[in-house]
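Colleague: Attaching a single structure in structure tokens format; questions to follow.
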Amino acid sequence: MNKNTLTVVLSFLLALAFGCTTKSNMQPEGNWKLSAPKPISIQENEPIELNEIFPSETVDFEWEEAINTADYIITYSVVLVMDTASSYDNPLIEVTANGNAKDVTASISHEDIDRVLAQACFPAGEVASIKWGVKANSLSRISYASSPVQFKRFSVNPIPSQMYLYGTATEAGDTMSEGIPMKAFRDIDGQMTFFETITSLTKDETYAFVSALEEPAFHYGVNDGTVTACGNAITATESGVFRVALDLKNEVLSLEKINHLGIVGTPIEGEWGGDVALPYQGNGLFQDTVALLKEGGFVLRIDGDWGRMYKQTPGTTNLLYEPYADAVGLEKEDLQNTNVGDYIVSVDFLGNAYTYSVEEVETDEAPPAPIEAPATLFLIPSDGSEVIELIKDGNIFTSPYYLALQSGITYTLNVMADGTGTAYSVMGSIGETENPDGDNVKGAPYFKAEEGEINVARDQAYQLKIDFDAPKVEWQYYNIKLFHWLDGTGEGWDARAEIPMTYEHPYTFKITDQNLTGGHDSKFNSPWEVEFGVSDASGSTDDATATSGTATNKAFVEEGVNVSNFKFVTADGTYSIELQISRDYKTATYSFN
């Protein structure tokens, strides 16, 4: 093909390109106009009733096309706006036209229309008067036209799947995009209608709830004590950390102040009678370093109240508030610990986390290495009293019974009864604890192979276990309480008095000048491993009404033997009681006057 022929062909192709009836929007803007589309009215004289039984049905919108005098491509979208709107910049909803935005029709589902009307605060079940409009867009030019329309809303408001808390009273402040995410829970019908978080609030400041961090979103407040879509912001009546629970199904807002969140259970000092606080760190996090003494179950208890606890979804670390789980039938179990030592325990209530974790404390000082266990081991008091031979089982030695140790004397551990063999010293004191008044108190300091006196922090009856693999001296003692209550009624038990008894050396617990109520039952307990009462075993000398006598620990009776309550308080008065336990904690004697 010669040069002249090529020029002719190219000129012909360019003429075809510019001769099309609809011009590409890649053309430069010039002197042309874009007319407004013309909406075709839909059900003009009566409201369109939105179908909540078949919410996927659509409302179909149609219009007459706009005219572009330069034949450039025109695309369309439909908007719903408030009837007072003067522009389409912030519509309730905008959808593109069918046919890749080039047709003169568009459809919106009943469900989508009802949702945006609810977000715009039109009441459920009522008629909403708004405008629908069509936007024509060609290059950078836009033309508009609108028409009034009415919709009758669904009978109930939709419930969002997410919820956030924000406002000047909250840690997030008054910026909607910084809202605090809430955890969604299923209600009794299996629907996600319940939201919860734990956070701090500031007195006299306000807060509200929103379903998204930007518009469009559902907004919730409270009107006349009821949670309401588009309700009033709530004013915090006091400062503090709160469990904030939003029940959209029942339209209820619950606030529970948390002064203390504590670990209660097997891993800590005092076990189920102990309580190790986790301070609030902000942003939904409770955290502290905790001495975990053994593996086992535990709960998170609020303000010492057994009716306000967090447990977990079985097989997970996801937290469940027990009263809510019971109300809606959710399965739950105690939280689980598999660690021993000093660990950072974190409880995270932010958003969908609602979980806990245990992380070992990093330290530059390594724990002592295991020590080779000797053949024998003795505990030798410094006052010349009886030397105690500990019982060997593998690399562990245990005391043969509870030892009445005293803080006024010192002790040594030695492989020889006369103290002439290898000695071991404890890195700490037996009985040293931050929770000396717990029910079942424990500790486990390290020990090492070297000469040294062993100190005892307080007089008590101690069980000792010396583990050469750990190597730790694990100690444990009980505190005893007199339980005193009106038996036979739930209220009586719930209103029981738990009166601490004072330990006196050796093996004795006392109460002095205590007011007690006639006709009430009593037991001597360290809940729930020690429970001294009246045994009905053959040959038992226990007597429920005697003012002095014997008692039996329920933990050690044979199957089929009952241990009932004492009934020795027959009249109101002031009494003193003395309980002397046996060295194995199986039995006791008492006097009452």
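The values are calculated or read from the model by the stated rules, or taken from the named source; none is laboratory data. Please read these numbers as outputs of a predicted model, since none were measured by experiment. Note that each Cβ is placed from the backbone with ideal geometry, even for glycine, and that neighbours are counted across all protein chains shown. Heavy atoms of the whole protein, side chains included, go into the accessibility calculation; ligands, DNA and RNA do not. Shrake-Rupley method; radii C 1.70, N 1.55, O 1.52, S 1.80 Å.
Colleague: Of the GluC sites (Glu not before Pro) in the range 47-132, which ones lie in a loop per DSSP and count no more than 14 other C-beta atoms within 10 Å?
Modeller: GLU57, GLU126
Colleague: Here's something else I'd like to know. For the chain, what is the accessible area per residue in Å², given a 1.4 Å probe and the full set of protein chains?
Modeller: 50 Å²
Colleague: Another question about this same structure. Could you give P(r) for the range 163-258, binned at 5 Å from zero, as whole percent values over all Cα-Cα pairs?
Modeller: Each 5 Å bin holds this share of Cα pairs: 3, 15, 25, 29, 19, 7, 2, 0.
Colleague: With unit charges on the beta carbon (Lys/Arg positive, Asp/Glu negative), name the residue among ASN98, ALA124, ASN45 whose Cα is farthest towards the positive pole of the charge dipole of the range 31-175.
Modeller: Of the candidates, ASN98 comes out farthest on the positive side.
Colleague: May I ask you to work out the translational diffusion coefficient for the range 118-208 at 25 °C, viscosity 0.890 mPa s, via Stokes-Einstein with Rh from the Kirkwood sum over Cα pairs, reported in whole µm²/s?
Modeller: Using the Kirkwood radius from Cα pairs, D works out to 145 µm²/s.
Colleague: Pairwise over distinct Cα atoms, reciprocal of the mean inverse distance: report the Kirkwood radius of the chain in Å, one decimal place.
Modeller: This gives a value of 31.1 Å.
Colleague: Just report the Cα centroid separation between the range 451-509 and the range 338-409, whole Å.
Modeller: Value for the Cα centre distance between the two parts: 17 Å.
Colleague: For the range 373-465, what does the equivalent ellipsoid look like in terms of its semi-axes, each the square root of 5 times an eigenvalue of the Cα gyration tensor, given largest first in whole Å?
Modeller: So the equivalent ellipsoid measures 21, 14, 13 Å along its semi-axes.
Colleague: Sorted from largest down, give the three principal axis spans of the alpha carbons of the range 34-152, whole angstrom values.
Modeller: That gives 47, 28, 24 Å along the principal axes, largest extent first.
Colleague: What do you reckon, how do LEU405, LEU486 stack up by accessible area (1.4 Å probe), largest on top? Before the final figure, lay out the partial values.
Modeller: On the way: LEU405 10, LEU486 85 Å².
If we order LEU405, LEU486 from most to least accessible, we get LEU486, LEU405.
Colleague: Please check the chain for the longest run free of chymotrypsin sites (Phe, Trp or Tyr not before Pro) that are loop-located per DSSP (anything but H, G, I, E, B) and have at most 16 other Cβ atoms within 10 Å.
Modeller: That gives 33-400 as the longest site-free run.
Colleague: Right, something else. Suppose every K and R has +1 on its Cβ and every D and E has -1 on its Cβ; what is the size of the dipole of the range 34-152 about the Cα centre, in Debye to the nearest 20?
Modeller: 460 debye
Colleague: Calculate, for ALA537 and LYS203, the FRET efficiency according to 1/(1 + (r/R0)^6) with r their C-beta to C-beta distance and R0 56 Å; round to the nearest 0.05.
Modeller: So, using R0 = 56 Å, E works out to roughly 0.40.
Colleague: Solvent-accessible area of SER140, probe 1.4 Å, all protein chains present, reported in Å² to the nearest ten, please.
Modeller: Surface accessible to solvent at SER140 totals approximately 90 Å².
Colleague: Considering only C-alpha atoms, what is the centroid distance from the range 522-546 to the range 184-249, in Å?
Modeller: When both Cα centres are located, 51 Å separates them.
Colleague: Distance from the Cα centre of the range 31-47 to that of the range 103-169, in angstrom?
Modeller: Cα centroid of the range 31-47 versus Cα centroid of the range 103-169: 18 Å apart.
Colleague: With a cut-off of 19 Å, note down the residues of the range 384-406 whose backbone N falls inside the zone around a label point 7 Å from the Cα of THR502 toward its beta carbon.
Modeller: 405-406
Colleague: Tell me the relative contact order for the chain as a rounded percent, counting alpha carbon contacts under 8 Å between residues six or more apart.
Modeller: The value is 7 percent.
Colleague: Given the pairs LYS294/LYS481; LYS442/LYS510; LYS131/LYS183; LYS442/LYS523, which span a C-alpha to C-alpha distance of over 31 angstrom in this model?
Modeller: Numbers: LYS294/LYS481 24 Å; LYS442/LYS510 22 Å; LYS131/LYS183 37 Å; LYS442/LYS523 23 Å.
In this structure, LYS131/LYS183 exceed 31 Å between Cα atoms.
Colleague: Also: With +1 on the Cβ of every Lys and Arg and -1 on the Cβ of every Asp and Glu, and nothing else charged, how large is the dipole of the chain about its Cα centre, in debye rounded to the nearest 20?
Modeller: Values: 36 positive and 87 negative charges, 415 e Å.
That gives the chain a dipole magnitude of about 2000 debye.
Colleague: Helix 3-18 versus the longest principal axis of the chain: what is the Cα-based angle in degrees, 0 to 90, to the nearest 10?
Modeller: For helix 3-18, the angle is close to 70 degrees.
Colleague: Another question about this same structure. Treating cross-link reach as a plain straight distance, find the lysines whose alpha-carbon is under 24 Å from the alpha-carbon of LYS33, omitting any fewer than eight places away in the same chain.
Modeller: LYS23, LYS102, LYS135
Colleague: May I ask you to compute the full-extension gain from ASN223 to SER357, defined as 0.36 nm times their residue separation minus their alpha-carbon distance, rounded to one decimal in nm?
Modeller: 44.3 nm
Colleague: If every alpha-carbon in the range 481-592 counts as one equal scatterer, what log10 I(q)/I(0) does Debye give at q = 0.11, 0.18, 0.19 1/Å?
Modeller: Debye output, listed in q order: -0.32, -0.88, -0.99.
Colleague: Another one. Over the range 163-258, what relative contact order in percent results from Cα pairs under 8 Å that are six or more residues apart?
Modeller: Dividing the mean separation by the residue count of the range 163-258 yields 26 percent.
Colleague: Per the Kirkwood formula on distinct C-alpha pairs, the Rh of the range 423-508 is how many angstrom?
Modeller: When all Cα pairs of the range 423-508 are included, the Kirkwood radius is 15.0 Å.
Colleague: Further question: Rounded to the nearest 0.05, what FRET efficiency do SER177 and ILE48 have when you use their Cβ-Cβ distance and R0 = 41 Å?
Modeller: Values: r = 34 Å, r/R0 = 0.83.
Approximately 0.75, to the nearest 0.05.
Colleague: Could you sort MET416, MET163, MET82 by their accessible area in this structure, using a 1.4 Å probe and putting the largest first?
Modeller: In descending accessible area the options line up as MET416, MET82, MET163.
Colleague: On full extension of the chain, what length is gained from ASP437 through GLU331, given 0.36 nm per residue of separation minus the C-alpha to C-alpha distance?
Modeller: Numbers: separation 106, 0.36 × 106 = 38.16 nm, distance 3.35 nm.
Difference between extended and current length: 34.8 nm.
Colleague: Which GluC sites (Glu not before Pro) from the range 231-329 combine a DSSP loop assignment with at most 15 other Cβ atoms within 10 Å? The partial results should precede the final answer.
Modeller: Working: sites: GLU238, GLU251, GLU256, GLU269, GLU271, GLU295; in loops: GLU238, GLU251, GLU269, GLU295.
Those satisfying the criteria are GLU238, GLU295.
Colleague: Compute the angle between helix 110-119 and the longest alpha-carbon principal axis of the chain, please, reported from 0 to 90 degrees and rounded to the nearest 10.
Modeller: On a 0 to 90 degree scale, this one is about 70.
Colleague: Now for a separate question. Can you compute the modelled spin-label distance between GLU451 and ASP572, with each label point 7 Å from Cα toward Cβ, in nm?
Modeller: Here the modelled spin labels are 6.5 nm apart.
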